[in-house]
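The values are calculated or read from the model by the stated rules, or taken from the named source; none is laboratory data. On a predicted model such as this, the values are computed, not experimentally measured, just so you know. Every residue, glycine as well, gets a Cβ built from its backbone with ideal geometry; the counts of neighbours run over all protein chains shown. The area values use the complete protein model at the heavy-atom level, side chains included, leaving out ligands, DNA and RNA. Shrake-Rupley method; radii C 1.70, N 1.55, O 1.52, S 1.80 Å.
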Amino acid sequence: MTVRRARATLTALTALAALVTVAGCSTALPGRPVSVFADPFTVAGMPATDGPSGLRSDAPAPTRVITGSDGGEVDDLGAQAISDIEEFWHTDYPETFGGQFLPAAEVISWDAASFDGEFCGDTTFALVNAAYCYPDRTIGWDRGSMMPGLRQAFGDMGMVMVLAHEYGHAVSRQAGLTDEDSETLVAEQQADCFSGAYLRWVAEDDSARFTLNTGDGLNTVLAGVIAFRDPVLHEEDFDVGVNEHGSAFERVSAFQFGFTDGPSACAAIDPAEIAQRRGELPLLLSDTQTGELPVTRQSVQAVADAMAILFAPREPPALRFTDDQGGCADARPSRPVSFCPATNSVLVDLAGLHELGGQAHLPEAELLATGDNVAYSVLVSRFMLALQREHGGVALDTAGAALRTACLTGVATAKMTAELHTPDGDTVVLTAGDVDEAVSGLLTNGLAASDVNGDSVPSGFSRIDAFRLGVLGDTDRCFARFP
């Protein structure tokens, strides 16, 4: 989002570059929106559960042999993952696409620090990646840097998710959904979708090798999906050519389609579906935009004015800057921004909100999209609670209210793609990267998907799903979906 005054331009709210050392992709080495289910404590129709995630202690021996393996833990886990993924597709491929599933011709491991390896007809030296090779129908990974780093950041199931993604490329090609002329953007998001379908099978306890709980376990997997997003691009980047994979919003959505509706949903991901899902969301920063604006009184007031313009409430909530957010008669504080229904006011701890949005410089920003809109999306969510208060007939302190708030925050986010001119002379508009920051915040702190007391549901999957419903829908749909 940019916030501009008549004589000065200030740019705000962007996502950051992806963690390039952990970005798996397919190489030669080279939709539709889905809502959460009625119960806010379920995840795509499954119970939200705690419990173990990872390799079972009694897992059967792998059925695949890894070429070039050093026999270490990483390759052993990779062999188990490939064996399990193939077991899933041996059943689900013929049920979904007809015909028999054809496994990868070979599975290969290498150390990117060594000159000895070869994959897809080229040396593996400095190939810090995991990939599917279309010409050879082989899958491989770097066991020296890529996989250990991935495993450290996102656990065993993060590594399994990446291999399920790479295998998704093989499935997509075999099913005739992609060919050598297909856009990378489509192929990548189909593979994200297929990895979601496989991990649903694991979460349903159908895997003999792995477990995945739908609480922290699935949240961590989603964090891994976010980490593989494209960096925020400037207009000039397209002058030199860009091979898009997709934003965090797009890639998480594709994963969720597969997790919720199974492999058949992945076939619906094509250029038209992706274009529909993108809608008017900005993809590029202009060459003069930095995408970051500190949270200030001016910017907070501008966002508050934008909400009044967009939703035209009969009684706009009062905006108060205060460190003391206690004393509300009918709600607990949800720092750093709270909504008090009794006084119809939004209370802003400016220092706390600034801290929430000012973390783009931190190392972890390479993993998740950290930045200003982590804060501004939380601010917007409190105005969405005021909107619900005025709507009437709905509770503000329930799990359903938390997801309704996430949904309405998505609606507000999409509405800000058009420039809004405030009475104070500011211009507010969404910019590239904002949505990814909101998605990251929904997963990590959940405040933009919380009720009037700051309470949310445990599933980041459900929080993001509700937000996407709003981005692709409208206020009526949010109130109907979360009555």
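Within segment 290-342, which residues are open to solvent by 70 Å² or more (accessible area, probe 1.4 Å), of a type in the set (D, E, K, R) and part of a loop (DSSP other than H, G, I, E, B)?
First pass over segment 290-342, keeping only residues open to solvent by 70 Å² or more (accessible area, probe 1.4 Å): 290, 294, 297, 309, 312, 314-316, 320, 323-324, 327, 329-330, 332, 335.
Restricting the remaining residues to those that are of a type in the set (D, E, K, R) gives 297, 314-315, 320, 323-324, 330, 332, 335.
Matches in segment 290-342: ARG314, GLU315, ASP323, ASP324, ASP330, ARG332, ARG335.
Do you know which residues across segment 457-483 are outside any helix (DSSP H, G or I) and within 23 Å of GLU273 (Cβ to Cβ)?
Quick first cut of segment 457-483, residues outside any helix (DSSP H, G or I) only: 457-459, 472-474, 482-483.
Selection gives LEU472, GLY473, ASP474.
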Which is open to solvent by 30 Å² or more (accessible area, probe 1.4 Å), assigned to a loop (DSSP other than H, G, I, E, B), among the hydroxyl-bearing types (Ser, Thr, Tyr) and modelled with pLDDT of 95 or more, of THR49, THR91, THR63?
THR63
If I filter segment 364-379 for residues that are of a type in the set (Gly, Ala, Ser) and assigned to a strand (DSSP E or B), do I get at least one hit?
no
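Within the group THR290, THR184, THR211, which residue is of a type in the set (S, T, N, Q) and modelled with pLDDT of 95 or more? Break it down stepwise before answering.
Numbers: THR290 fails: modelled with pLDDT of 95 or more; THR184 fails: modelled with pLDDT of 95 or more.
The match here is THR211.
One line per residue, one yes/no per condition, for (1) charged (D, E, K, R); (2) crowded, with 19+ Cβ neighbours inside 10 Å:
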site	(1), (2)
THR260	no, yes
SER264	no, no
ASP270	yes, no
GLY279	no, no
Test result for GLU250, at negative phi and part of a loop (DSSP other than H, G, I, E, B)
no
Please determine whether any residue of segment 170-189 is part of a loop (DSSP other than H, G, I, E, B), closer than 21 Å to ALA265 by Cα and of a type in the set (Ser, Thr, Tyr).
yes
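What residue, of ASP192, ASP179, ASP206, ASP239, is more than 21 Å from MET159 (Cα to Cα) and either at pLDDT 95 or above or touching a Lys or Arg at 6+ places or on another chain (Cβ under 8 Å) (or both)?
Values: ASP192 fails: more than 21 Å from MET159 (Cα to Cα); ASP206 fails: more than 21 Å from MET159 (Cα to Cα); ASP239 fails: either at pLDDT 95 or above or touching a Lys or Arg at 6+ places or on another chain (Cβ under 8 Å) (or both).
Going through ASP192, ASP179, ASP206, ASP239 in turn, the sole match is ASP179.
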Do we find a residue being touching a strand residue (DSSP E or B) at 6+ places or on another chain (Cβ under 7 Å) and surrounded by 24 or more Cβ atoms within 10 Å (Cβ to Cβ) anywhere in segment 439-455?
yes
Does LEU127 count as in a loop (DSSP other than H, G, I, E, B) and open to solvent by less than 50 Å² (accessible area, probe 1.4 Å)?
yes
Checking ARG404 against (1) open to solvent by less than 10 Å² (accessible area, probe 1.4 Å); (2) under 20 Å from ARG229 (Cβ atoms), which single condition isn't satisfied?
(2)
